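The values are calculated or read from the model by the stated rules, or taken from the named source; none is laboratory data. None of the values given here were measured: they were computed from a predicted structure. Every residue, glycine among them, receives a Cβ derived from its backbone with ideal geometry; neighbour counts consider all protein chains shown. For the accessible areas, the whole protein counts, side chains as well, though only heavy atoms, and no ligand, DNA or RNA atoms are used. Shrake-Rupley method; radii C 1.70, N 1.55, O 1.52, S 1.80 Å.
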Amino acid sequence: MHSSQQPTGALPASAAAAVESRLVEAVGSAGAELFLLRLQRWWPDLHDGLASVYGTRAEDTAVRLIELAADAYAAREPELKRLDLVRSLEPDWFQQPDMMGYAAYADRFAGDLAGVSERVEYLRELGVTYLHLMPLLRPREGDSDGGYAVADYRDVQPGLGTMRDLRALAHTLRESGISLVLDLVLNHVAREHEWARAARAGDPRYRAYFHTYADRELPDAYECTLPEVFPDFAPGNFSWDEELQAWVWTTFNSFQWDVNWANPDVFVEYADILLFLANVGVEVVRLDAIAFLWKRLGTDCQNQPEVHAITQALHALTRIVCPALLFKAEAIVGPADLVHYLGQGPHYGKVSDLAYHNSLMVQIWSMLASGDARLAARALGTLPPAPSTTAWITYLRGHDDIGWAIDDGDAAAVGLSGHAHRAFLSDYYAGRFPGSAARGLVFQSNPATGDRRISGTSASLAGIEAGDERGVARVLLGHALTFGWGGIPVIWSGDELAMPNDPDWAAEPGHGGDNRWTHRPRLSEADLERRTDPTTVAGQLFGGLRALIQARARVPHLDASVSSEIAPLADPGILPVLRRHPLGALLGLYNVTDSWRPFPWWRLDELAITDPWDALSNTGVKAGEDGNVWLAPYQAMWIV
Ligand code: GLC
């Protein structure tokens, strides 16, 4: 942290006065008063966040931000201002168990933005209330890392529609009870973005937006402790640029230039973009690759404390202008770093509202491969609870590969070698382990670390593609766990229809080396139609998922304000997940094996669950003659 960190101060009268008359003129005195009250309320978070990162430049940065904020507030449409009020009256709206997410590429899901509007009915049929459309702001031409190399944050990808269409879609979704979620790629821009173009043309102001180095001295020093994200097709973390005549920091591909968040001008630029997107009607921003924002020599340049201070300041700003907006952290990091994105210590409750539960996802696939819940119990059981005002994003699959984020200490605690278990999981999901019906592809094999990540749809990983009859039950068990954990479960487009890997993923221009495209299928009407045919795996999975979604919405114990604990294991094949809700306990039981497994009845007595009821199947729970509750292969129960 910066040495000149300043203590929290009251809002300086001059800062408010600077915008007050302008606001009264633009939005009337009541509107101005609301803004100023919010400014007062969130000023300490804004100020402290900026001060701990920008030191002496924090004050003038804050003044610039307040002016931006006032303009964005004045420009915010009445419909969105109303939403701000509604959300402020119901701040736990996103924690409720009827929240249900879906994530898709607009073109692959429905052709274009107009097509997405036409598929709202389909989403509603599934129970969706949250729609993450993958990056759709104008990317660079050619390979754009699936849209994650943005050339213009204020324009829509040609072929999908226009900014007007995006506003219209946000409105249509909102009317149907669906919140629009969009990416804000804030670690890097495309080499073709106007800032990078200006830097390449020699403008020093914009050159200072990036990390550039005339020679290899510093890049080499950083590389000593930096991991590689794409060792296969983008080795190293720096790229030589002829026009810059310098090395530029590129964590991901050479065409994705990391921006320099130590420069307060960069902060102001992103604040402006953020408020712009909020005013388009985006309700949740996915803060892409947020772990990488801050660079520090001698570290892996991830999860640095400044990342959280920056998030706090950005969120304070949106709470002033557009409090309906939520932040979602995309930090695919190890278990020990994960909870910090929802706020720990000084940032408790002040950073992101949502964060991906990468650890849960990894542990689900690990349990399905090993048929053993002990490692998951240890890893999930030792995670600190998330703040009660936040929610996890739980998921089985997404658009990315799966990296085996298994902690060596957790593995050792249950008698495993972390390295050997990660190698087993890679072998298992690549279908190279005896008895495995998985059909994943190895992504970014890294001989230096032994890492082999895995691509593939849930259907292909769970054995459905290979014809394993247990596949549907496995996928549904995985979803039951993500649905029963608390938070917003998100289904990756195509998974609800058991779509297999796309064998032709490499055929599309620019996709060649990146096999993550194998699990980003295009959905046709014919694919969608199979959902009503129970003789197809698509029909079975879709029906099973709908039943899960409907059951979940009826269980108040699944509210995200209550966190999940791991109860002591009775059988290594069953993961017991306990939620102590004021209404009483909910015990989730998940049989991760392909055989019948017992759970002792007395354990229910111990939790004061008398007259147990399985909220998932909507039936009473009975003990067998041996005093156990028996779970069928891959069965889940939510006992209340
Ligand atoms: C995130 C995205 C991933 C992308 C990377 C770089 O991790 O999920 O798809 O490659 O950021 O933007």
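The table below gives the values:
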{"quantity": "Distance in nm between pseudo-label sites at GLU242 and ARG205 (7 Å out along the Cβ direction from Cα)", "calculated": "2.9 nm"}
{"quantity": "Per residue accessible area of the chain, 1.4 Å probe, in Å²", "calculated": "37 Å²"}
{"quantity": "Solvent-accessible area, 1.4 Å probe, carbon plus sulfur percent, for the chain", "calculated": "52 percent"}
{"quantity": "Kirkwood-based shape ratio for segment 426-572, expressed as Rg/Rh from alpha carbons", "calculated": "1.01"}
{"quantity": "Largest to smallest accessible area among ARG119, ARG197 [probe 1.4 Å]", "calculated": "ARG197, ARG119"}
{"quantity": "Kyte-Doolittle mean at least -0.5, axial Cα span of 15 Å or more - DSSP H helices of the chain", "calculated": "13-54, 58-75, 78-89, 264-280, 305-321, 358-370, 471-484, 537-553"}
{"quantity": "Neighbour count of at most 13 Cβ within 10 Å plus DSSP loop: longest GluC sites (Glu not before Pro)-free window in the chain", "calculated": "244-468"}
{"quantity": "DSSP beta bridges in segment 77-188 [antiparallel fraction, %, rounded to 5]", "calculated": "25 percent"}
{"quantity": "For segment 494-640, alpha-carbon Rg relative to the globular expectation (2.2 N^0.38 Å, N residues)", "calculated": "1.34"}
{"quantity": "Whole-Hz ³J(HN,Hα) from phi, Karplus 6.51 cos²θ - 1.76 cosθ + 1.60, for segment 241-257, glycine and proline x", "calculated": "10, 4, 5, 6, 6, 7, 7, 10, 6, 9, 4, 9, 8, 5, 8, 10, 8"}
{"quantity": "Lysines with Cα under 29 Å of LYS350, excluding same-chain neighbours fewer than 8 positions away", "calculated": "LYS81, LYS295, LYS328"}
{"quantity": "Relative contact order for the chain, counting Cα pairs under 8 Å that sit 6 or more residues apart, in percent", "calculated": "12 percent"}
{"quantity": "Global size of segment 563-639 as Cα Rg and Dmax, reported in angstrom", "calculated": "11.5, 34"}
{"quantity": "Cα centroid of segment 555-572 to Cα centroid of segment 582-615, whole Å", "calculated": "10 Å"}
{"quantity": "Ratio of the Cα radius of gyration of the chain to 2.2 N^0.38 Å, where N counts its residues", "calculated": "0.96"}
{"quantity": "Cα-derived Rg over Rh, computed across segment 177-320 with Rh taken as Kirkwood radius", "calculated": "0.98"}
{"quantity": "Relative contact order (%) - criterion: Cα under 8 Å, at least six apart; region: segment 13-89", "calculated": "32 percent"}
{"quantity": "Considering only the chain, percent of DSSP beta bridges that pair antiparallel, nearest 5", "calculated": "60 percent"}
{"quantity": "Mean separation of Cα contacts under 8 Å, 6 or more apart, over the residue count of segment 194-258: relative contact order %", "calculated": "31 percent"}
{"quantity": "Rounded to the nearest 20 debye, dipole of the chain from Cβ charges on Lys, Arg, Asp, Glu", "calculated": "940 debye"}
{"quantity": "Computed [θ] at 222 nm, helices only, for the chain once each DSSP H run of length n ≥ 4 contributes -39500 (n - 2.57)", "calculated": "-11500 deg cm²/dmol"}
